[in-house]
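Input: a single structure, listed below in structure tokens.
The values are calculated or read from the model by the stated rules, or taken from the named source; none is laboratory data. Just so it is clear, the model here is predicted, and its values are computed rather than measured. When we count neighbours, we look across all protein chains shown, and the Cβ atoms used for this are built from the backbone with ideal geometry, even at glycine. Protein only, heavy atoms only, side chains kept; ligands, DNA and RNA dropped before computing areas. Shrake-Rupley method; radii C 1.70, N 1.55, O 1.52, S 1.80 Å.
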Amino acid sequence: MDLNADLGEGFGTWQLGDDDALLSLVTSANVACGFHGGDPPTMRRVCEQAARRGVAVGAQVGYRDLAGFGRRHIAYDFAELRDEVIYQLGALDAFCRLFRARVRYLKPHGALYHAAMSDEKEAAALVAAVNEYDHRLPLLCQPGSVLAQLAVGAGLRVVAEGFADRGYLPNGTLVPRN
């Protein structure tokens, strides 16, 4: 079993959570890539500490929504969303490489996560981004989701996840935060 947490979501002088403490507990870290949270110094610090501790780094990609913490849906066309995901993957991977590591998986964040669970266009953009960037990267997502189905159909590996800190509806989707 893999225990992961969302890390690196602070930016500038604003810190969210205790990344260093969590890195001593988790086996993988979903690291914010700058669009919903995170900034270059934070990404670098988390990647360095994860590499030192043997923690796998995953790219937690989201909508370009720093003010809304990635929790607001943004309508993108397919190509723009695909390219924004590739951009985020590349940025985080660059910091991983400084410490002889690499991004090990992709996990969407917030509103993008929820949209890709049921919206074929959003899911297809994520699948295309992974296929073009590195088809060996697994996608971390809810089992049975549109994202999981499209990823498997494209020959990508899917890692099913569950949330210990969230409630679920009878259909298996997450209870909305509101």
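Which residues, taken from the stretch 28-63, are without any contact (Cβ under 8 Å) to a residue 12 or more places away in the chain and either within 17 Å of Leu3 (Cα to Cα) or of a type in the set (A, V, I, L, M) (or both)? First the steps, then the outcome.
The initial filter retains those residues of the stretch 28-63 that are without any contact (Cβ under 8 Å) to a residue 12 or more places away in the chain, namely 41, 54.
Across the stretch 28-63, the qualifying residue is only Gly54.
This table checks each residue for (1) open to solvent by 80 Å² or more (accessible area, probe 1.4 Å); (2) of a type in the set (Val, Ile, Thr); (3) touching a strand residue (DSSP E or B) at 6+ places or on another chain (Cβ under 6 Å); (4) closer than 19 Å to Pro108 by Cβ.
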{"position": "Asp6", "(1), (2), (3), (4)": "no, no, yes, yes"}
{"position": "Asp20", "(1), (2), (3), (4)": "no, no, no, no"}
{"position": "Cys33", "(1), (2), (3), (4)": "no, no, yes, yes"}
{"position": "Arg44", "(1), (2), (3), (4)": "yes, no, no, no"}
{"position": "Ile86", "(1), (2), (3), (4)": "no, yes, no, yes"}
{"position": "Leu89", "(1), (2), (3), (4)": "no, no, yes, yes"}
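How about the stretch 1-24: which of its residues are touching a helix residue (DSSP H, G or I) at 6+ places or on another chain (Cβ under 7 Å) and assigned to a helix (DSSP H, G or I)?
Answer for the stretch 1-24, where residues must be touching a helix residue (DSSP H, G or I) at 6+ places or on another chain (Cβ under 7 Å) and assigned to a helix (DSSP H, G or I): Asp19, Asp20, Leu23.
If we scan the stretch 59-66, do we find a residue that is surrounded by fewer than 20 Cβ atoms within 10 Å (Cβ to Cβ), aromatic (Phe, Trp, Tyr) and on the phi < 0 side of the Ramachandran plot?
No, the stretch 59-66 contains no residue that is surrounded by fewer than 20 Cβ atoms within 10 Å (Cβ to Cβ), aromatic (Phe, Trp, Tyr) and on the phi < 0 side of the Ramachandran plot.
With the structure loaded, tell me whether Thr13 is polar (S, T, N, Q), touching a strand residue (DSSP E or B) at 6+ places or on another chain (Cβ under 8 Å), over 26 Å from Ala125 (Cα atoms) and open to solvent by 10 Å² or more (accessible area, probe 1.4 Å) or whether it fails that test.
In short, no.
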